[in-house]
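The values are calculated or read from the model by the stated rules, or taken from the named source; none is laboratory data. Source: prediction; values computed, not measured. So basically every Cβ, Gly included, is an ideal-geometry build from the backbone, and we count neighbours across all protein chains shown.
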Amino acid sequence: MTEFLLGAAGFVLLTVAIGLIRVLGGPGNVDRTMAVQLLGTGGIAALLLVAAATGVRGAEDVALGLALLAAFASVAFVNSAAPEDDREAGRANE
Amino acid sequence: MSAPTLAGLTGAALVGLGLYGLLVHPHPLRKLLGFNLLGSGVFLLFGIIARKGAAAGFAADPVPQAMVITGIVVAFCATALSVALLLRLFEAGGAATLRPDVGRDDSD
Amino acid sequence: MSVIQALDISLAVLVLAVAIWTIVSRDAFAAVVGYVAYGLLVSLVWVRLFAVDVALTEAAIGSGVTGVLLISAAVRLRGTEAAVAAEWPGAGSRVLAAALCMVVTAALAAVVLTMPDPGATLAPEAARHLAETELGNPVTAVLMAFRALDTLLEKVVLFLAVIGVWSLAADGNWGGIAGPRRATNRQGALAFLAQLLPPVGIVVAIHIVWIGANEPGGAFQGGAILAAMWMIVIMARLAEAPAIGERRLRLALVAGPAVFLAVGLMGFAVANAFLAYPAGLAKPLIVFVEVFMTLSIAVSLPMLVLGPPDRPSS
Amino acid sequence: MNTAIDIFTVVAICAGAAFFMAGSVGLLRFPDSLTRLHALTKADNLGLGLIVLGLLPQADSLLGGLKLVAVWLLVQLASATVAQLIAQALRHRGRGT
């Protein structure tokens, strides 16, 4: 069972990370943000699987922390990008 | 190869990468990223010292771990202060460059 | 090769791949996004090194709070990259720098490969004195008792960094509302998240501070989560960022270092040394100090991320 | 009994991993950002959900199991919000330019 859990962790991590590395190159910042979001979820899944396999104490709390912060980077991106876009749109309309 | 050795080699490579970014990149924000990579490489080296010091029923030596936690906080403080300085520089001079001649005269 | 080795190797390769991306990427935003992903992967490495306290700190700081700081900075600085493109050093200097960095890496790698296993350790020493602190988590014992001076100074550094950031405010904005002006439109989904997440986050943060005495966790990790919750509320514009002249804010900022220092000085009177805890009272005192430290951290981190005020308070 | 539980774990985790793969493939292959967003949310919800479901019988305590469920719920909340925000940003951009 341990081997299976570790294998699954590696599989999930590799699939999402390969997706991330492909998408980091572009096309746009929105896609990059989505790729990091997917890596965040995949990372949490891999962490839970590794924790169950190796029996590290307290790893669920790390997963809880990561889950609480899962939306953080994307929110910062959307939040700081939005007013800028408003201004650009305003200028285009004038 | 054991997990700590592997993490240690990763740390060594990260120190080199971060140092390269810090030296070569002209953009201050990218220098900061290099600085953070360098720092986290050093922390990983502390991590393998901790793991190889596993004894007395602890999975890893707690002293290097505590030092890494302190280090992460201090590195964050330095990063935040640098970002604030950089944004202020950009506001004041309209450019994010470390060249001393830009911003003082506008002939550039 | 066993499954766990394959996992460790792929994790190391991924960490390096994302790190290389943050250095070679042409676009600053893409590099910063890479760094956020990097922080998450590194916290998995820390779990594999059985350093769960560090993993928790790295998760909260590396991919959380630092991520928000750098992403906002990258968005605000967009368009400045073209101007500095001319400042790239020549090919010769770059090769030289790369060679130097390779030498540094090779030297560190040699140290790693020749490191004795098991290596030098203070773990038995920590274990011997753990009972005196009545704590169960050796990392918390090191942070709060054996090397308490480091932690006290770290909190002072955090405080000084806040002062440093504030001092960058223009004269007219001193005492004003922290951080850049934000648009007033409230987005429905974000407001929903900012109402639902903080109650859960506060419970988890208190849980992490409380169990920090015996299990992985502690003041810094819990404080960082609290800080993140406050920042979500500010980013959703459900609440205005505080004015930096506000007395409550300033009291919260100094509470941690001040209480820690006071308890440390009390050590002279009751236990004959700075930062010494009287026998039998070590654990309650440590938890008492940690509560105030959590508060200070939860307030300092958002102040560092928001930056100096750029408008007056009224 | 134990074997039955283990088989359940293996099946659920395999299904979860498949959803993660589907999410990554979607992110790489779908033609525009909105369809890629669709692929992303499937991986978030079902991928992690099935892995948590598979790990639940292996949890060593009630609190451990509750934490697993809490992790899943929090990620659900985060991913739903982020999907909304990204979709709004995309629509906004489509109109603005």
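Some points to look at:
- Some residue of region C:153-169 being charged (D, E, K, R), away from chain D (no Cβ under 12 Å), under 22 Å from the mean Cα position of the chain (by Cα) and in a helix (DSSP H, G or I): yes
- For region A:1-20, filtering for residues that are farther than 14 Å from D:ALA22 by Cα, more than 7 Å from chain D (Cβ to nearest Cβ) and buried (at least 18 other Cβ atoms within 10 Å of the Cβ) leaves 5.
- Of residues in region A:48-94 being modelled with pLDDT of 55 or more and exposed (fewer than 14 other Cβ atoms within 10 Å of the Cβ), the one nearest to the other protein chains (Cβ to nearest Cβ): A:ARG57
- Within region C:274-314, being in a helix (DSSP H, G or I) and free of Cβ contacts under 8 Å to residues at least 40 places away in the same chain holds for C:PRO284, C:LEU285, C:PHE288, C:PHE292.
Quick grid of which residues meet (1) at pLDDT below 85; (2) not aliphatic (A, V, I, L, M):
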position	(1), (2)
D:LEU34	yes, no
D:ILE51	no, no
D:GLY54	no, yes
D:LEU66	no, no
D:VAL69	no, no
D:LEU73	no, no
D:ALA83	no, no
D:GLY94	yes, yes
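- Which listed residue, of B:ALA59, B:ALA66, is hydrophobic (A, V, I, L, M, F, W, C) and either touching a residue at least 12 places away in the same chain (Cβ under 8 Å) or crowded, with 21+ Cβ neighbours inside 10 Å (or both): B:ALA66
- Residues satisfying the stated conditions in region C:33-44, i.e. under 17 Å from the mean Cα position of the chain (by Cα) and β-branched (Val, Ile, Thr): C:VAL36, C:VAL42
- Scanning region A:20-47 for residues that are at pLDDT below 80 and in a helix (DSSP H, G or I) yields A:ILE21, A:ARG22, A:VAL23, A:LEU24.
- Filter pass, D:ASP32 being more than 8 Å from every other protein chain (Cβ to nearest Cβ) and either surrounded by 19 or more Cβ atoms within 10 Å (Cβ to Cβ) or more than 26 Å from A:VAL56 (Cβ to Cβ) (or both): yes
- Any chance C:THR140 is within 9 Å of chain B (Cβ to nearest Cβ) and assigned to a loop (DSSP other than H, G, I, E, B): no
- Count of residues meeting criterion [over 22 Å from D:ALA78 (Cβ atoms), among the acidic types (Asp, Glu) and either in a helix (DSSP H, G or I) or touching a Leu at 6+ places or on another chain (Cβ under 6 Å) (or both)] in region D:1-49: 1
- Scan of region C:235-253 for residues that are touching a helix residue (DSSP H, G or I) at 6+ places or on another chain (Cβ under 7 Å) and assigned to a helix (DSSP H, G or I), ordered by number: C:MET235, C:LEU249, C:ALA252, C:LEU253
- Residues of region C:204-262 that turn out to be within 11 Å of chain A (Cβ to nearest Cβ), surrounded by fewer than 24 Cβ atoms within 10 Å (Cβ to Cβ) and not aliphatic (A, V, I, L, M), as a count: 4
- Residue in region C:248-256 that is out of contact with any Ser or Thr (no Cβ under 7 Å at 6 or more places or on another chain) and at pLDDT below 90 present: no
- Taken together, the residues in region C:33-61 that are closer than 23 Å to C:SER300 by Cβ and more than 7 Å from every other protein chain (Cβ to nearest Cβ) amount to 1.
- C:ASP150 vs. criteria farther than 23 Å from C:PRO216 by Cβ, at the interface with another protein chain (Cβ under 9 Å from one of its Cβ atoms), charged (D, E, K, R) and in contact with a Ser or Thr (Cβ under 9 Å, 6 or more places away or on another chain): no
- Scanning region C:70-100 for residues that are surrounded by 24 or more Cβ atoms within 10 Å (Cβ to Cβ) and in contact with a Phe, Trp or Tyr (Cβ under 8 Å, 6 or more places away or on another chain) yields C:LEU70, C:ILE71, C:ALA74.
- D:ASP60 vs. criteria surrounded by fewer than 19 Cβ atoms within 10 Å (Cβ to Cβ), facing chain A (nearest Cβ under 8 Å) and over 22 Å from A:ALA76 (Cα atoms): no
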